[in-house]
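Asker: Quick one: this structure, given as structure tokens, is what I'll be asking you about.
The values are calculated or read from the model by the stated rules, or taken from the named source; none is laboratory data. Just so it is clear, the model here is predicted, and its values are computed rather than measured. Positions of Cβ are backbone-derived with ideal geometry, glycine not excepted, and every protein chain shown enters the neighbour counts.
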Amino acid sequence: MSLNKKYLKTKPVCKVSFEIQKEAAKDATKIYVVGEFNEWNKTANPMKRRKNGSFVSTIDLSPGKEYQFRYLIDDSNWENDHQADKYVPNCFGDSENSVVVV
């Protein structure tokens, strides 16, 4: 898993690429990026499967903020990004959310 950030010079936007490598995706058929930036909508940001078996999604985010997120794999497994900028407890108390800082 990885996060790549690209700040645009022409407008106040950071393009954040969320990627899950083939090894981490295992046999997943669909993966979504779910977080504060899409109001925790489970289907708003589907990740695209690449030919090499990895998944990727790029989302435009406003700089100067922190966004909590997680990955939803095959509609049942919630996973954190192991390369997240930090982690914070979620309201369920049994796990944490990943955080990306832009």
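Asker: When the residues of the stretch 80-102 are narrowed to those that are of a type in the set (D, E, K, R) and without any contact (Cβ under 8 Å) to a residue 40 or more places away in the chain, which ends up surrounded by the most Cβ atoms within 10 Å (Cβ to Cβ)?
Answerer: Result: E96.
Asker: Scan the stretch 1-28 for residues that are hydroxyl-bearing (S, T, Y) and either at pLDDT 95 or above or part of a strand (DSSP E or B) (or both) and jot them down.
Answerer: Within the stretch 1-28, S2, Y7, S17 meet the criteria.
Asker: Quick check on my filter: what residues within the stretch 23-48 are hydroxyl-bearing (S, T, Y) and either under 26 Å from P89 (Cβ atoms) or surrounded by 15 or more Cβ atoms within 10 Å (Cβ to Cβ) (or both)?
Answerer: Matches in the stretch 23-48: Y32, T43.
Asker: What is the number of the single condition among (1) modelled with pLDDT under 90; (2) in contact with a strand residue (DSSP E or B) (Cβ under 8 Å, 6 or more places away or on another chain) that F55 does not meet?
Answerer: Against the list (1) modelled with pLDDT under 90; (2) in contact with a strand residue (DSSP E or B) (Cβ under 8 Å, 6 or more places away or on another chain), F55 comes up short only on (1).
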